[in-house]
């Protein structure tokens, strides 16, 4: 193993290394567990080789999301294949990769068109480095600099349009790093047309373009700055084999690329679970008393714990849900949390507290149930190595960062992991934490009612139904990308696809928000349907699991049937396409009164509802209709 570069990952033990060399058969679970360690390219290659050797009977699930990636590179990239496959295991994916290298992507897309169509990629990676653009310095010429950068961004935009028209797939773009062969002086950032200025202009233009296109951006420039440009590049490997960066950096590159790809398949971290003693503060509150805790100015340790809380608060402002899991006496721990003068986090910043003497794996499972979020969206931060090891063993879906002994080093390590990467940021993201805190209060209120019907009536719910619009477009695309469980078809649409549906008069589009006595739940549902000859044909129907059991599907169907009546259609039709995560809605249409009309290989089913025979279900939800359907 080389010097650790991803310090948030635990180092493989001697037995891990031996196991990686001897695995065979169908040990996918072992491969996934091993992949949680930091491996160099050789170790990841062994995991990829072992994965390739696993042959399961047809139809037997692997537990991994199958993803096909097309990587187009102007330089050498073949050596990245096994590294990316091995890294995919860490993120719950079985990655299949097609790499076209050493030429301009425009040439590759034409030359390899038939093989690309046959491969049928799910996502395209445009791995173009600075050498692809011929950014010849024009020092002191601002007009020429703007033109050079504009040509580079226009070229990327043209390639994107070619991918969209030919394959209709999302694209991962990369920022550029400086070419070490060019002059690098402090003054270069002040000189229009210097190499540094040109690279900065291209990266800024690329960022603006991706922001509007709804694609993904891999910030390779950030990675190179993090480890140092001299460490990122290898003049020798570029001269010998046209490697775009030093080969020892391949695992770091693969980790960040695969994490971005995973976002397109709904794999995102949204919950940070924090320990208290020696994590949020220094010391053990039950033994030391709150007055003796290390927190705040006066000691490096106290300041480091305050900085950790400030980081958590910033994440909360980005929409990350904060929870607490601590082995403590609840009254003692909460008193310190509420009254210590140096606490940065406030009680309202925490969605759910789990303070008890139960093992933390059980507490995390309870948090998952309360929040209606899968454990694969959790990150667990705890100073205790034994607690971290227990969670890694019992709940391998949970991300558990390794932490140095020195608390002052925690934040750089944690931030480097980029656990909470997203495809963008919306008002819904900002308010997400408050939604989940309100959910916890709803769950508490439910316990005071003997009947579910009485509880639902007490919520005084209102469902706001709007067509797609520019304001909601980014959030709609996020929901479509991330929703896996309550999602009838799991068809994925980009922001541009959402805009196209919005403008299509032959399509019905719904974005739904639910509010109640506890506040706004935010956008909780999306429907896309086609207006057919005799029916409304449901293409996409998804919902947030946070609002399960509140009558939203019934209210949505009442709306759809009313719309069908307005249009003079006799039926509402839909399909269910099964995945390993959406089995909870396998009987969705049956439960709503649809008739089964067809079954296809793979478990896909078709359903139909007669509008004339339908009786409104009238759940205890007021519908505020901004679509104007009825």
Does residue 411 fit the bill of being within 30 Å of residue 475 (Cα to Cα), modelled with pLDDT of 90 or more and surrounded by fewer than 19 Cβ atoms within 10 Å (Cβ to Cβ)?
yes
Note: among 125, 172, 130, just one is more than 25 Å from residue 264 (Cα to Cα) and surrounded by 14 or more Cβ atoms within 10 Å (Cβ to Cβ), namely 130
Could you tell me which numbered condition residue 325 fails, if it satisfies all but one of (1) out of contact with any helix residue (DSSP H, G or I) (no Cβ under 6 Å at 6 or more places or on another chain); (2) within 27 Å of residue 442 (Cβ to Cβ)?
(1)
Pair list, Cβ under 6 Å, 6 or more apart: segment 212-237 residue closer than 13 Å to residue 249 by Cα, other residue at pLDDT below 95 and surrounded by fewer than 17 Cβ atoms within 10 Å (Cβ to Cβ)
233/180
Residue that is surrounded by the fewest Cβ atoms within 10 Å (Cβ to Cβ), among those in segment 524-559 that are without any contact (Cβ under 8 Å) to a residue 40 or more places away in the chain and in a helix (DSSP H, G or I):
553
Of 92, 140, which residue is modelled with pLDDT under 95 and more than 23 Å from residue 258 (Cα to Cα)?
140
Sort through 266, 289, 296 and tell me the only one that's crowded, with 22+ Cβ neighbours inside 10 Å, at positive phi and modelled with pLDDT under 95.
266
Can we say residue 54 is more than 23 Å from the chain's Cα centre (by Cα) and outside the structural domain of residue 121 (by TED's automatic domain parsing)?
yes
Considering only helices (runs of 4 or more DSSP H) wholly within segment 198-280, the ones with at least 3 residues that are under 30 Å from residue 183 (Cβ atoms) and more than 18 Å from the chain's Cα centre (by Cα) are 220-227, 229-232, 235-241
From the option list 372, 368, single residue qualifying as within 27 Å of the chain's Cα centre (by Cα), free of Cβ contacts under 8 Å to residues at least 60 places away in the same chain and closer than 23 Å to residue 93 by Cα is 368
Residue 114: passes all of (1) in contact (Cβ under 8 Å) with a residue 40 or more places away in the chain; (2) over 20 Å from residue 220 (Cα atoms); (3) surrounded by fewer than 19 Cβ atoms within 10 Å (Cβ to Cβ) but (1)
May I ask you to say which residue of 476, 471 is at pLDDT 85 or above, buried (at least 19 other Cβ atoms within 10 Å of the Cβ) and in the same structural domain as residue 546 (by TED's automatic domain parsing)?
476
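The values are calculated or read from the model by the stated rules, or taken from the named source; none is laboratory data. All values reported here derive from a predicted model rather than from experimental measurement. FYI the Cβ positions are ideal-geometry reconstructions off the backbone, even for glycines, and counts take in every protein chain you see.
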